[in-house]
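The values are calculated or read from the model by the stated rules, or taken from the named source; none is laboratory data. If you're wondering where the values come from, they're calculated on a predicted model, not measured in any experiment. Virtual Cβ from ideal backbone geometry, glycine too; neighbours counted across all protein chains shown.
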Amino acid sequence: MRLFHCALVSITAGITAGITALLCVAQICAQSPTAETPEANPGRPTVSTPATLTPVGYLQFENGGLYANTSPEFDTRFGINQVTKLTVASRLQLLALSEPHVHANGATGDALSGNRPGEVFAGVQAVVLPGEGHKPTISLSYIRRLYESPAPEVDIGTFRQSALFLLSEDFGGFHFDMNGIFSEQAQGIVRRGQFGQTLSVSHPLGPFTVAGELWHFTQPLIRGNAVGNLWALSYPIRKNLVVDAGFDHGLTSSSTQWEGFAGFTYLLPHRLWRSHGEQ
């Protein structure tokens with residue numbers, strides 16, 4: 001009963017936070033985007049990150065809430081996650097990632113239960129091979145942790161620094177995102193390398209987009225493997241505003257068994273600087 005109550009409280013908090021965020025976005029959207037405003041390029045809600053970048057000069061925000069239960073590190077966990085992206089050149093994008101708020105119950109080890117600030121990261125992504133025709137887009141990314149949180153983490157853990165190989169391609173009406181991830185995990189003076197692979201496949205279904213994903217991460221600090229299967233649905237309210245929701249199910253004993261999430265991607269309709277040729 002206690003676990004059910006905590007889950008209900010966390011889910012309610014997540015819905016409230018999501019509604020509040022959407023209301024804020026709706027207020028921002030009162031200034032309707034111009035016809036020239038490009039489309040948002042969501043990186044959420046899948047684990048995979050697209051190799052393609054956001055439009056040059058436009059800020060993009062990816063916000064959401066994630067509720068998880070039955071994990072080796074906690075009983076229940078709810079977190080608000082936020083990613084800000086800014087592409088400063090046709091092949092270069094800056095990233096800021098954070099969890100402004102985390103609430104956890106039943107934390108184990110050195111992690112702490114209760115309300116905590118989440119971790120903060122910064123990074124960069126660069127396109128090394130632009131996609132054209134049947135050629136995929138290939139990018140490289142580097143992310144560094146700026147703040148380490150005392151809150152418990154989900155099954156893939158946390159990292160000090162991470163390098164990613166990203167590939168995106170459209171084929172036969174389907175969109176593919178594939179990532180290879182190489183990270184450094186640490187516990188005290190112990191440092192270990194973590195390796196991950198993700199494959200996300202999405203396909204339009206009327207006005208919606210359905211995405212399915214399979215992902216795997218090694219767990220070097222506990223000598224395990226986290227494997228999960230994710231399904232998500234997204235819907236473009238406008239071309240620069242996309243909402244999403246879905247769930248993930250862990251497939252190994254050391255994986256978080258269930259995760260539910262919802263959020264949105266919003267591309268600000270006004271360019272931060274003028275492009276070449278603009279007066």
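Structure notes:
- Candidate set from segment 244-265 (those that are touching a Ser or Thr at 6+ places or on another chain (Cβ under 7 Å) and assigned to a strand (DSSP E or B)); member that is surrounded by the most Cβ atoms within 10 Å (Cβ to Cβ): D244
- When segment 50-105 is filtered for residues that are outside any strand (DSSP E or B) and under 19 Å from the mean Cα position of the chain (by Cα), the ones remaining, listed by number, are P50, A51, T52, L53, T54, P55, Y58.
- Within segment 124-167, tally of residues that are surrounded by 15 or more Cβ atoms within 10 Å (Cβ to Cβ) and charged (D, E, K, R): 3
- Residues located in segment 206-252, provided they are under 20 Å from G43 (Cα atoms) and among the basic types (K, R): R238, K239
- Among the residues of segment 106-121, none is identified as in contact with a Phe, Trp or Tyr (Cβ under 6 Å, 6 or more places away or on another chain), in a strand (DSSP E or B) and at positive phi.
- Residues that are over 23 Å from A96 (Cβ atoms) and over 18 Å from the mean Cα position of the chain (by Cα), drawn from segment 139-169: E169
- Test result for G250, small (G, A, S) and touching a Gly at 6+ places or on another chain (Cβ under 7 Å): yes
- Top-ranked residue of segment 86-117 - restricted to ones that are within 30 Å of P38 (Cβ to Cβ) and not aliphatic (A, V, I, L, M), ranked as surrounded by the most Cβ atoms within 10 Å (Cβ to Cβ): Q93
- Residue pairs meeting the criteria (Cβ under 7 Å; at least 6 apart or on separate chains; first without any contact (Cβ under 8 Å) to a residue 40 or more places away in the chain and closer than 19 Å to S149 by Cβ, in segment 185-201; second β-branched (V, I, T) and assigned to a strand (DSSP E or B)): Q194/T218
- The residue of segment 153-174 that is nearest to G224 (Cα to Cα), among those that are in contact with a strand residue (DSSP E or B) (Cβ under 6 Å, 6 or more places away or on another chain) and of a type in the set (D, E), is D155.
- Filtered by the rule that a residue be more than 15 Å from T49 (Cα to Cα), at pLDDT 95 or above and in contact with a Gly (Cβ under 9 Å, 6 or more places away or on another chain), segment 113-146 gives a lone residue, R144.
- The sole residue among G180, G193 that is in contact with a Pro (Cβ under 7 Å, 6 or more places away or on another chain) and at pLDDT 95 or above is G193.
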